[in-house]
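The values are calculated or read from the model by the stated rules, or taken from the named source; none is laboratory data. Keep in mind that this is a model prediction, so the values were computed, not measured. These area figures cover heavy atoms from the full protein model, side chains too; ligands, DNA and RNA do not enter into them. Shrake-Rupley method; radii C 1.70, N 1.55, O 1.52, S 1.80 Å.
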Amino acid sequence: MITILFFVLVLHIEFTQHASVDSLTKSKDCIYNDGRFGIINLSHVGLKQGIPAFRHIRKDDYVYSFNPCYAFSEEPTCINVAICQTAKDESASYILAYNSIVTWSISIDGKVTLVYATTERQSIVNLVCSDEIDQLIINEEYERNHYNFTLTSKCACWDKC
């Protein structure tokens, strides 16, 4: 019984391991090192100046902003966040993600997804390897308070940044 519990604990630690992080400048959504595929490093995508790399991207009745690695703020609601959603008329805004509350999900074939969570919302950012210009695509709110995005970037490729 003790052997089984130890094995489960080791598996839990192995599968929930987060990215290695420089705690002074980068957050958990910045760098991931995988022994099978290599390293994903989004630090060249995110902006350090407190503004989002992807700002006010329109989708339906909302605009979205996203910045991997480094928190940004959009007054009055979104303070030190990774993703913010604001109504087009600016009547309301919602925190969709914090840079520090994230899980990296790596599929068996090496596809990468960042899963962010707040107390009320979940946001999934699918990383797509591309040599084109960095781009954020707002896919949809696929279920109430569950959002799906796609980030295409050279830095979403294993061992490219």
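Averaged per residue, segment 39-156 has 51 square angstrom of accessible surface, using a 1.4 angstrom probe with ligands and nucleic acids left out. Here the Karplus relation 6.51 cos²θ - 1.76 cosθ + 1.60, evaluated at θ = phi - 60°, turns the backbone of segment 76-86 into coupling constants of x, 8, 8, 10, 6, 10, 9, 9, 10, 10, 10 Hz, with x for every Gly and Pro. Restricted to Cα atoms, segment 29-138 shows a radius of gyration and a Dmax of 14.0, 46 angstrom.
For segment 39-156, the share of accessible area belonging to carbon and sulfur comes to 47 percent (1.4 Å probe, ligands and nucleic acids excluded). 3J(HN,Hα) along segment 99-108: 4, 8, 10, 8, 10, 8, 10, 10, 6, 4 Hz, from the Karplus curve 6.51 cos²θ - 1.76 cosθ + 1.60 with θ = phi - 60°, whole Hz, x for Gly and Pro.
Amide H contacts for D29 (H built 1.01 Å from N in the peptide plane; partners 5 or more residues away or on another chain; cut-off under 5 Å): C69. In terms of Cα to Cα distance under 17 Å, which aspartates and glutamates are near enough to K88, apart from those fewer than 8 places away along the same chain? Partners within reach: D60, D61, E74, E75, E140, E141.
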